[in-house]
Structures are given as C-alpha cells and as structure tokens.
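Undergrad: Below is the structure I would like to discuss, written out as structure tokens.
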Amino acid sequence: MTERIFISPSKYVQGKDAIEKIGSHLKGIGEQAVVIADKIVWDIAGHNVVNELKKGNISSEEVVFNGEASENEMKRIAEAGKKANATIVVGVGGGKTLDTAKAVSDELDAYTVIVPTTASTDAPTSALSVVYSDEGTFEKYRFYKKNPDLVLVDTKIVAGAPPRFMASGIADALATWVEARSVIKAQGNTMAGGTTTIAAQAIAEKCEEVLFEYGHLAYESVKAKVVTPALEAVVEANTLLSGLGFESGGLAAAHAIHNGFTALKGDIHHLTHGEKVAFGTLVQLSLEKHSLQEMERYIAFYISLDLPVTLEDIKLKDASREDIMKVAKAATIDEETIHQGFNITAEEVADAIFATDQYANAYKEKLKG
C-alpha cells in the first residue's frame with residue numbers, strides 16, 4: 001500500500017505589517033542573506049525587508065529577479081548568493097520570484113524565507129518550483145527535500161496589490177479541491193510523493209468553502225486597498241490552505257491544462273497563472289460528470305471576479321483544432337499530473353476544452369436574456 005504523506009512549511013506568519021517582525025522571526029538563524037525581488041517589488045516591499053533584516057543584524061545581498069523562473073536565472077542568482085556567503089535566502093514577490101528563491105536556497109542549502117507580495121498563487125508554501133524555459137515554456141517541476149522554513153505574508157501589502165492578482169489567487173486556489181477530490185477518487189499520488197492524507201483532504205475542502213463564502217468580499221477589499229477579516233480569510237485560503245491542499249492533496253487536470261497552454265504562442269501568455277488555471281479547472285469539471293447547476297456555479301463565480309471562462313477570454317478565440325490538440329497533447333504527456341486523477345487521452349482533453357468554451361458562452365447568453 002502506498003504511504004500517506006503530508007508536508008508543510010515550518011512556520012507560517014500572516015497579518016498586517018508582518019514584515020516589521022521578520023527580523024525577530026529570523027533571530028539566531030544567520031547573519032547573511034540574499035534577498036531576491038523584481039524591479040517593481042523592490043520598491044513595494046524589497047527595501048523594507050532589507051531594512052528590517054538590518055535591524056535584526058542580518059546583512060543582505062540585493063539581487064534583481066529578471067522575471068522568468070528558468071534554470072539559467074536560478075543558477076545566476078545562486079552564484080550571487082554563494083559569493084555573498086549567504087545562509088538565508090529571502091524571496092519577495094510573486095510566484096516565479098518565489099519559485100526561483102526556493103531553487104536558489106536549495107543550491108545553497110540555506111534557510112528559506114518566502115515573502116509573497118500578492119495572494120495570487122499557492123507557490124509560497126510548497127517544496128517545489130515550476131521551472132520554465134527562458135522564453136516562458138513550461139519545462140518541469142523541481143522538487144526539494146524540505147518546504148520553506150518561514151512563509152511571511154504582510155496583508156497590508158497584499159491589499160495594496162492590483163485586484164487582478166487577488167482574483168487570480170482565488171482561481172488558483174479554487175482548483176485545489178476540484179483536483180484533490182479526483183486524485184482521491186483515483187487513488188493517485190500527490191506532489192508530496194504519497195497518497196492523500198485525511199488532513200490534506202479536509203484542508204482542500206475548507207479552502208473551497210472559504211473562497212465561495214468570502215471571495216467576493218476579499219476582491220472588493222483589495223479594490224478599496226484595505227485589510228478586512230474577509231481578506232485575511234481569503235489570503236490564508238489562497239496561500240496556506242491551497243498550498244497545503246494541492247501539495248499533499250494532489251494535482252490533476254486543471255494544472256496540467258495550464259501547463260499545456262505554454263505550448264502555444266501569443267497573447268495567452270499575458271494572462272496570469274491563476275487566470276489560465278481558472279479555465280483549466282472548468283475543463284476538468286467538463287471531463288467529469290457534473291450537473292448544469294454545478295458547472296454554472298463555478299462559471300458564475302469566475303465571471304463575478306472578472307476571470308476568463310471562454311476561449312475568447314484566454315485569447316484563443318480563433319484557435320484551431322490543431323492548436324487545441326497541441327495543448328491537449330502537452331497536458332497529457334506521461335509525467336503530467338492529469339494522470340493522477342484521470343485515465344484520459346489528448347483527444348478527450350481537446351473535446352473538453354471546446355465543450356467548456358461552449359458551456360461558458362451559453363451561460364453568458366443566458367445572462368443577456
């Protein structure tokens with residue numbers, strides 16, 4: 001019998017102005033850090049992190065992330081960290097920055113600190129990175145021997161981010177239970193390496209419950225740039241519940257289809273991770289047997305958060321069957337997660353993509369009527 005495995009970060013901290021206490025959380029851990037952030041995030045939070053580390057007697061090597069979580073970028077920053085003799089790696093920013101920071105920390109065998117500036121993905125808590133080519137094509141998952149040591153989320157910063165990022169995080173998190181339940185049903189393996197634990201199942205279910213209950217309120221809170229109880233709940237769902245739920249609960253079709261989209265060129269690559277996962281989640285639901293009411297529950301929720309639900313919405317209005325087959329074939333390669341929840345062919349995935357587009361367009365027409 002396959003083992004049940006549950007993994008998680010060592011410490012998770014969330015709250016308004018949480019960055020001000022980062023030095024105290026790292027007391028006694030080390031004296032030299034490498035801090036990674038992109039050009040925009042340096043002004044939003046990176047310099048504040050460095051200043052707070054300095055108060056805790058931790059020096060920082062500041063590195064600008066160039067935007068792609070590729071092997072070359074990971075190696076470049078790891079070299080900078082080695083030269084600085086860093087024993088702490090701090091990633092500040094969005095999913096690709098954080099995935100790169102985890103890879104750098106692995107190379108340096110360092111203490112890993114993750115500081116998300118948005119609640120846009122569930123990348124912060126996991127012991128893996130999604131690795132892309134320098135051009136942005138999905139290449140592989142890279143796994144690590146441990147999860148991050150500290151995940152620190154300052155909800156004041158998250159509330160100040162564009163609302164689109166909050167919606168994207170909700171979409172990414174909403175895939176958690178949809179995928180986990182298919183893995184459980186199929187007795188597939190999770191990203192943690194074993195089968196789903198009862199704890200992971202409960203967390204994934206709770207994640208979806210929180211999103212449907214408080215998602216709209218959190219989205220409106222970000223529009224007003226304020227921290228509210230609803231925002232705190234959804235930030236935790238997007239980051240911690242989804243992170244634990246996907247890694248120890250299981251990934252299936254939704255994220256495989258997201259990865260499949262990287263096989264195409266064009267405007268689709270201007271969409272966020274979560275926006276593509278939103279459509280991938282609807283495709284997974286289309287692959288399963290759900291009632292019209294259940295399908296429309298998800299479609300309506302996505303539309304209310306300005307998320308994409310049709311091929312036109314994801315910039316593939318004129319995509320041919322051949323184009324969609326490229327996506328479907330990439331989503332069903334042997335190593336993809338779709339096989340943990342489904343016994344499926346590329347043809348069936350392509351059909352489900354077109355079906356999803358039809359279902360969503362029909363719902364939009366019904367709204368007009």
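The values are calculated or read from the model by the stated rules, or taken from the named source; none is laboratory data. This is a predicted model, so every value here is computed, not measured. Don't worry about glycine lacking a Cβ; one is built from the backbone with ideal geometry, like all the others, and counts go over all protein chains shown.
Undergrad: Could you please find all residues in segment 122-181 being assigned to a strand (DSSP E or B) and among the β-branched types (Val, Ile, Thr)?
TA: Passing the criteria: Val130, Val131, Val151, Val153.
Undergrad: Spot the failing condition for Ser320; the list is (1) polar (S, T, N, Q); (2) under 23 Å from the mean Cα position of the chain (by Cα); (3) farther than 29 Å from Ala218 by Cβ, and only one is missed.
TA: (2)
Undergrad: Return the only residue of Gly341, Gly266 being touching a helix residue (DSSP H, G or I) at 6+ places or on another chain (Cβ under 8 Å) and either within 21 Å of Tyr219 (Cα to Cα) or in contact (Cβ under 8 Å) with a residue 24 or more places away in the chain (or both).
TA: Just one listed residue meets the conditions, Gly341.
Undergrad: Quick one: which residue in Ala103, Ala78, Ala86, Ala119 is modelled with pLDDT of 95 or more and out of contact with any strand residue (DSSP E or B) (no Cβ under 8 Å at 6 or more places or on another chain)?
TA: Going through Ala103, Ala78, Ala86, Ala119 in turn, the sole match is Ala78.
Undergrad: What are the residues in segment 12-61 that are crowded, with 18+ Cβ neighbours inside 10 Å and assigned to a loop (DSSP other than H, G, I, E, B), if any?
TA: Once the filter is applied, which keeps residues that are crowded, with 18+ Cβ neighbours inside 10 Å and assigned to a loop (DSSP other than H, G, I, E, B), segment 12-61 yields Leu26, Asp38, Ile58.
Undergrad: State the number of residues belonging to segment 1-23 that are over 19 Å from His47 (Cα atoms) and either charged (D, E, K, R) or in contact with a Cys (Cβ under 7 Å, 6 or more places away or on another chain) (or both).
TA: Result for segment 1-23: 3.
Undergrad: For segment 312-323, indicate whether the set of residues that are buried (at least 23 other Cβ atoms within 10 Å of the Cβ) and assigned to a helix (DSSP H, G or I) is non-empty.
TA: For segment 312-323, residues buried (at least 23 other Cβ atoms within 10 Å of the Cβ) and assigned to a helix (DSSP H, G or I): absent.
Undergrad: Would you please name the residue that is farthest from Lys102 (Cα to Cα), looking only at residues in segment 47-82 that are of a type in the set (Gly, Ala, Ser) and more than 21 Å from the chain's Cα centre (by Cα)? Don't jump to the end; show me each part of the working.
TA: Residues of segment 47-82 that are of a type in the set (Gly, Ala, Ser), as a first pass: 56, 59-60, 67, 69-70, 78, 80-81.
Subsequent filtering for residues that are more than 21 Å from the chain's Cα centre (by Cα) retains 56, 59-60, 78, 80-81.
Working: Gly56: 22, Ser59: 19, Ser60: 17, Ala78: 10, Ala80: 15, Gly81: 12 Å.
Filtering first and then ranking leaves Gly56.
Undergrad: Regarding segment 226-236, can at least one residue be identified that is small (Gly, Ala, Ser), buried (at least 24 other Cβ atoms within 10 Å of the Cβ) and more than 13 Å from Val178 (Cα to Cα)?
TA: For segment 226-236, residues small (Gly, Ala, Ser), buried (at least 24 other Cβ atoms within 10 Å of the Cβ) and more than 13 Å from Val178 (Cα to Cα): absent.
Undergrad: Let me spell it out: the conditions are (1) more than 15 Å from Val153 (Cα to Cα); (2) within 17 Å of the chain's Cα centre (by Cα); (3) aliphatic (A, V, I, L, M), and Ile114 meets all of them except one. Which number is the exception?
TA: Of (1) more than 15 Å from Val153 (Cα to Cα); (2) within 17 Å of the chain's Cα centre (by Cα); (3) aliphatic (A, V, I, L, M), only one is false for Ile114: (1).
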